[in-house]
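Contents: one structure, followed by commentary.
Here, each number is a calculation from the coordinates, and none is a lab measurement. Because the structure is predicted, anything quoted here is derived from the model rather than measured. So basically every Cβ, Gly included, is an ideal-geometry build from the backbone, and we count neighbours across all protein chains shown.
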Amino acid sequence: MSRIDKHNAPSLTLIRFQNLMGALVVVIATELGRSTDYRWHCQGCHLTGDGHNLAVNRDGANEHAAACRALPQPTPTNQTA
Ligand SMILES: [Zn+2]
C-alpha cells in the first residue's frame, strides 16, 4: 500500500464565501487515495478549520465568513521604477 503525502496531494477549491470585508473563505478538498480530506481557510485572517466532512466544513466556513472582519490580503506591487 502506497503512502500519500498529504501536503503534495491534489487539492481543489470547492466553495468560496466572502467575509464581511471581501476576503475569501474557501473550502478545499484534498484527495488522499480512498478518502477525501476537507478543510476551510480564511484568506483574510488565515484561520483554518478541518475535518473529513464536507457539510461541517461548509457550515464552518460560512459561519466564519459571516463574522470575520479581516481585510483581504494586499496584492504585491511591482517595486521597480
Ligand atoms: Zn477570517
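Taking 0.36 nm per residue of separation and subtracting the Cα-Cα distance, full extension of the segment from Gln18 to Ser35 would add 3.3 nm.
Hey, for a label at Glu63 modelled as a point 7 Å past Cα toward Cβ, could you say which residues of the stretch 19-45 have their backbone N under 14 Å away? Residues 40 fall inside that zone.
Angle between the Cα long axis of helix 54-67 and the longest principal axis of the chain, 0 to 90 degrees, nearest 10? Compared with the principal axis, the helix lies near 10 degrees.
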